[in-house]
């Protein structure tokens, strides 16, 4: 895992990544954190989320996607369904869902430049050490970068 300090959205807009992954709940809200910023900057990604079934627990471990064209750059935003709900006590992120998603990413987007935030470790209250180990295992051999948010 490469680590880069910066703004994932701005880096995507400059052509740094082919694939941008962020975590979502299963209720089509994208109302907080990086998901809200994705929604505001890439409405196509929000529309892809809205095209899924709201509240469907079967979405866990899957993703929806949108192909984005901005500033002469093309990239894909992955709405990764890593948590069922968006509020509540305790851990919301589902580690099994993260494992399944990144296994799919490895198969579906091999040899592409992948960027992501600390998926599941912020508002979803997951343990980043556990999550990063899952990501590293599933994306072994791929060019993938954690973008640690800095304004």
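Values quoted throughout were computed directly from the atomic coordinates according to the rules given, and no laboratory measurement underlies them. Owing to the predicted nature of the structure, the values given are computational and were not obtained by experimental measurement. Using ideal geometry, Cβ is built from the backbone for each residue, glycine included, and neighbour counts are taken over all protein chains shown.
Listing for the model above:
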read-out	value
Label point distance in nm, residue 87-residue 67, each placed 7 Å from Cα along Cα→Cβ	3.8
Net length gained if the chain between residue 36 and residue 5 were fully extended (0.36 nm per residue, minus Cα distance)	9.2 nm
The chain - share of DSSP beta bridges that are antiparallel (%, nearest 5)	35
Mean Cβ count within 10 Å, highest first, over the residues of peptides 66-72, 94-100, 27-33, 54-60	94-100, 27-33, 54-60, 66-72
Near-label residues of the range 120-151 by backbone N, under 19 Å of a point 7 Å along Cα→Cβ of residue 107	134-143
The chain - percent relative contact order, Cα under 8 Å, separation 6 or more	32
Per-q log10 I(q)/I(0), the chain, q = 0.11, 0.13, 0.18 Å⁻¹ (Debye; single scatterer per alpha-carbon; no solvent)	-0.35, -0.50, -1.03
Translational D in µm²/s for the range 30-106 (Stokes-Einstein at 10 °C, 1.306 mPa s, Kirkwood Rh from C-alpha pairs)	120
Alpha-carbon centroids, the range 1-45 and the range 96-137: separation in whole Å	13
